[in-house]
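Data first, discussion second: the structure below is written as structure tokens.
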Amino acid sequence: MLQLNQIHKVFNEGTLDEKIALSHINHALDPGDFVTVIGSNGAGKSTLMNVISGVLSPDVGEVVIEGKNVTNLPEHKRAAFIGRVFQNPLAGTAPSMTIEENMAMAYARNKKRGFRAGVTKKLKGFFKESLATLHLGLEDRLNAKVGMLSGGERQALSLLMATFTEPKILLLDEHTAALDPSRAELITTLTKDIVQQHQLTTLMVTHNMQQALDLGNRLIMMDKGQIILEVSGKEKEELTIEQLLQEFQRIRGSKMTSDRALLS
Amino acid sequence: MFSMLFPAFESGVIYAIMALGVYLSFRILDFPDLTVDGSFVTGAGVASIMLVNGQSPVLATIAGMGAGFIAGCITGVLHTKGKINPLLSGILMMIALYSINLRIMNDRPNIPLLGQETLFSMFRSFWEGLGIDEALNSVFAGIGLDPTTWSIMALMILVTFTIKFFTDWFLRTEIGLALRATGDNKQMIRSFSADTNKLTVLGLGVSNAFVALSGALIAQYNSFADIGMGIGMIIIGLASVIIGEALFGIKTIMRTTLAVIGGAIIYRIVIGLALELGFKAGDLKLITAMLVVIALVLPKILEGQKERARKKRKRSEFEKTYALGPEKEGDNVASTKSNSQSL
Ligand SMILES: Nc1ncnc2c1ncn2[C@@H]1O[C@H](COP(=O)(O)OP(=O)(O)OP(=O)(O)O)[C@@H](O)[C@H]1O
Ligand SMILES: [Mg+2]
């Protein structure tokens, strides 16, 4: 479904601030895979998401979606088949427009926009039905400006808008991080349900280890621009936070010693 | 009084089209586009030179509008492809248009249209056959209003409201929604596969087409095009938008476009009154600037006052419910006093 071949990305090359954000990443997702991504700050998780979505273009390597090389496809074209929810709950919706207008824009993602009415009676019915699945009462507020909603409500709406057109790939970058625990819990549950319902191929970045273990069928750990650990299936189901931390120490530690060996 | 306001009203309805253009760029796209000062003259210049050369007024007016569309698109390309900041893109285009406009006007800073057939004279000859003027004048003569013709007013209300309804419709189409989102949250609409660059170019094109249409009509209304007629136009447009929004509200798009038209008319009436009061034509730019400042600052002051009044009310309510009369409060004060005394 999604293939990352030899992705390499350096920021500020040749300056003091040079930073290798992604180092020769190879990875492949099968249709329906739900991968959780963990790793410390600056590990390159967001950069990886941005390379997949086309916000950034890799220095080397290619992004292949359903057998099609999309490396040179601009962000807005790729967006036709990649759904995204951002960390900032304000980022995924247009605040001065109404709920139904926002949903209409999301609905048009994989169609050619023209001079037809953006919101139609038929669409309204569909929007109402979809909103009802959130159980937040938003289905009765189709004409409310999105700027009036709370952060949690906006994030739930963003998630719905990113997914109800069934994108080929869903990218979630710490999309529960800015919410209070109960809202985060709500969005996490919604994510689980929606991904399952549409069988979406998903990559979800999180700093919450428990969340990373609870959700999805695969898990990858990133560090310094590399994927340092990958578990899936039964192995992942049996994994605990302690084991994960130990594993991290072990890999990092051995890397550090090998680095030291290299230096001396 | 009314006979003095009539021409102000008339020209206000024509300038309202320009104000709708400014509304599109400033409010919908969130792009402070200074191209306006130039594209207004472009519309006037193109229409005038075509009229002088014997073209039909309808064609000349539409061509003026088209020229404005192109000018706006170029500003959009400067910003999106050239990555030049919005303000600077507009200023560059405005300056460039000064030279281009002079060329369009055959290097003449002023083109008189006296005696030329214009959209207004054309419509007037059609209108006068209808006999509506006599009917209206017999009704309004009572309040001292009997203009020589109602045809300009009628035509302009027709044109301006066509533009208004077009705008209302356009902003609700799929492309229109994406255009509004481009001004509201670019990251969001890009993630839903809209090309914000193209939309910005389109939006600025339509905005400046409106501005140029207004210029083409003003030239025909005043019977001349002048290379300096666009100076300060952006501020006049902004004044109309801000005054209109403040007075008539912004609940929906339809309401706001109506408010902008109202703002443009009110602006003209205020200017008309200022002239009546003995201000000189040269003072008008200062008055316009002050109007914009007032329209921007006054609502905030009023809101601040309302908020203070609300808090005051809340406080007194709070005191009433919690203090349960002054005795208790008095007791507390007394006891602390006696405490401090005993120490
Ligand atoms: N636009 C940029 N310019 C320069 N350096 C950047 C840029 N974006 C990211 N980096 C650097 O690349 C590295 C990886 O950043 P990235 O945002 O991918 O980390 P992350 O894993 O998402 O971290 P976090 O958990 O904090 O979100 C960091 O060291 C960061 O400073
Ligand atoms: Mg990140």
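The values are calculated or read from the model by the stated rules, or taken from the named source; none is laboratory data. The structure displayed is predicted, hence computed values, not measured ones. Please note: Cβ atoms are built from the backbone with ideal geometry, for glycine as well, and neighbour counts cover all protein chains shown. Ligands, DNA and RNA are stripped out before the accessible areas are found, and what is left, the full protein with its side chains, is counted by its heavy atoms. Shrake-Rupley method; radii C 1.70, N 1.55, O 1.52, S 1.80 Å.
List of remarks:
- Rounded, prolate or oblate (a/c below 1.5 giving rounded, otherwise prolate when a/b exceeds b/c) for region B:110-167 by Cα gyration tensor: oblate
- Put a plus charge on the Cβ of each Lys and Arg, a minus charge on the Cβ of each Asp and Glu, and nothing anywhere else: the dipole of region A:1-83 about its Cα centre is then about 160 debye.
- Within 10 Å of each Cβ in A:50-59, the average number of Cβ atoms from other chains: 1
- Mean separation of Cα contacts under 8 Å, 6 or more apart, over the residue count of region A:104-235: relative contact order %: 18
- At least 10 Å² accessible surface lost relative to isolated chain, residues of region B:148-182 (1.4 Å probe): B:169, B:170, B:172, B:173, B:174, B:175, B:177, B:178, B:180, B:181
- Beyond 22 Å in Cα-Cα separation lie the following of the pairs A:68/A:168; B:83/B:186; A:111/B:164; A:192/A:234; A:124/A:192: A:111/B:164; A:124/A:192.
- Cα gyration tensor category, rounded, prolate or oblate, for region A:84-229 with a/c compared to 1.5: prolate
- Put a plus charge on the Cβ of each Lys and Arg, a minus charge on the Cβ of each Asp and Glu, and nothing anywhere else: the dipole of the protein assembly as shown about its Cα centre is then about 240 debye.
- Interface of B with A. Using a 1.4 Å probe and counting protein heavy atoms only, the two chains hide about 2300 Å² of accessible surface, both sides summed.
- Spin-label model distance (nm) - residue A:23 vs residue B:309, 7 Å beyond Cα toward Cβ: 6.6
- Average accessible surface area per residue within the protein assembly as shown, 1.4 Å rolling probe, Å²: 48
- Apportionment of accessible area to carbon and sulfur, region B:15-140, percent (1.4 Å): 66
- Exposed loop sites here mean trypsin sites (Lys or Arg not before Pro) with a DSSP loop assignment and at most 10 other beta-carbon atoms within 10 Å; chain B contains its longest site-free run at B:84-250.
- FRET efficiency for residue A:129 and residue B:279, using Cβ-Cβ distance with R0 set to 56 Å, rounded to 0.05: 0.35
- Note: relative contact order over region B:113-229, using C-alpha pairs below 8 Å and six or more positions apart, is 31 percent.
- Calculated mean residue ellipticity at 222 nm for chain A: -11500 deg cm²/dmol, from DSSP H runs with n ≥ 4 weighted as -39500 (n - 2.57), summed, divided by the residue count and rounded to 500.
- Within the accessible area of chain A (1.4 Å probe), percent carbon and sulfur: 51
- The calculated FRET efficiency for residue A:249 paired with residue B:116, based on their beta-carbon distance and R0 = 60 Å, is about 0.10.
- If only the Cβ of Lys and Arg carry +1 and only the Cβ of Asp and Glu carry -1, the dipole of region A:2-159 around its Cα centre is close to 840 debye.
- Take every pair of alpha-carbon atoms less than 8 Å apart whose residues are at least six positions apart; their mean separation over the length of chain B yields a relative contact order of 33 percent.
- Partner aspartates and glutamates whose Cα lies under 14 Å from the Cα of residue B:81, excluding those fewer than 8 positions away in the same chain, are identified as B:195.
- Exposure rank, largest accessible area first [A:175, A:135, A:207; 1.4 Å]: A:135, A:207, A:175
- DSSP bridge pairs, the protein assembly as shown: antiparallel proportion in percent, nearest 5: 60
- Whether region B:193-287 is rounded, prolate or oblate, judged on the alpha carbon gyration tensor where a/c under 1.5 counts as rounded: oblate
- Farthest toward positive dipole pole in chain B [+1 Lys/Arg, -1 Asp/Glu at C-beta], among B:185, B:232, B:205: B:185
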